[in-house]
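Beneath this line is the structure, given in structure tokens, with notes to follow.
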């Protein structure tokens, strides 16, 4: 039998055509979801969901297992750092995109959609704060920052001094990750991934915070 399947996402459509000559992609656009083309040929169309995107700022020891877990969970991971020579950045094969950027120019160098997830975990307090001071003004579905409770409290106080309202700061997941007494980078990554899963599966209204 001749079979055609439409491979479709938000940006492109292709038909996968199975015939006696084998499999091949065509640019044919189909109007109906399913139609019979002839006695031995039929067509099926199904829209596929785009991968949800996670932006990770900071390519340190926690970002590597976090990228691995989120990639395995079906997220498209983009990784950013202002250093290009660290092993955990070079060895990260789980991120679909890896970029060296200037953190002070975040909004002009990185395109972030309101449906994206954003994780901040750089190696410096000042760089975390620099990134958050730009990210808090964006419409982002999930924004989290890694750090100890003491570090987070100091950072929030400084952000308030910069003029950020409690309303904006309240949307920040800080410190990111569920409270499971994580010790190793992988355990921390598990707590982060679990919190993101809870948020996603609870219709973006998760009450589980660290």
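Going by the conditions given, is residue 87 out of contact with any strand residue (DSSP E or B) (no Cβ under 6 Å at 6 or more places or on another chain) and in contact (Cβ under 8 Å) with a residue 40 or more places away in the chain?
The answer is no for residue 87.
If you go through the range 149-182 and pick out every residue that is over 21 Å from the mean Cα position of the chain (by Cα) and part of a helix (DSSP H, G or I), you end up with 15. Which of the residues that make up the range 115-148 are without any contact (Cβ under 8 Å) to a residue 60 or more places away in the chain and in a loop (DSSP other than H, G, I, E, B)? Those that are without any contact (Cβ under 8 Å) to a residue 60 or more places away in the chain and in a loop (DSSP other than H, G, I, E, B): 124, 136, 137, 138, 139, 140, 147, 148.
Yes or no, residue by residue, for (1) closer than 28 Å to residue 201 by Cα; (2) crowded, with 21+ Cβ neighbours inside 10 Å; (3) in contact with a strand residue (DSSP E or B) (Cβ under 6 Å, 6 or more places away or on another chain); (4) modelled with pLDDT of 95 or more:
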| residue | (1), (2), (3), (4) |
| --- | --- |
| 119 | yes, yes, yes, yes |
| 124 | no, no, no, yes |
| 127 | no, no, no, yes |
| 130 | no, no, no, yes |
| 136 | yes, no, no, yes |
| 142 | yes, yes, yes, yes |
| 145 | yes, yes, yes, yes |
| 154 | no, no, no, yes |
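Show me the helices (runs of 4 or more DSSP H) found entirely inside the range 1-114 where at least 2 residues are surrounded by 18 or more Cβ atoms within 10 Å (Cβ to Cβ) and modelled with pLDDT of 55 or more.
Values: elements: 63-72, 87-90, 106-109.
Once the helices (runs of 4 or more DSSP H) in the range 1-114 are filtered for at least 2 residues that are surrounded by 18 or more Cβ atoms within 10 Å (Cβ to Cβ) and modelled with pLDDT of 55 or more, what remains is 63-72, 87-90.
The values are calculated or read from the model by the stated rules, or taken from the named source; none is laboratory data. What you see is a predicted model; the values in this text were computed from it and never measured. Note that each Cβ is placed from the backbone with ideal geometry, even for glycine, and that neighbours are counted across all protein chains shown.
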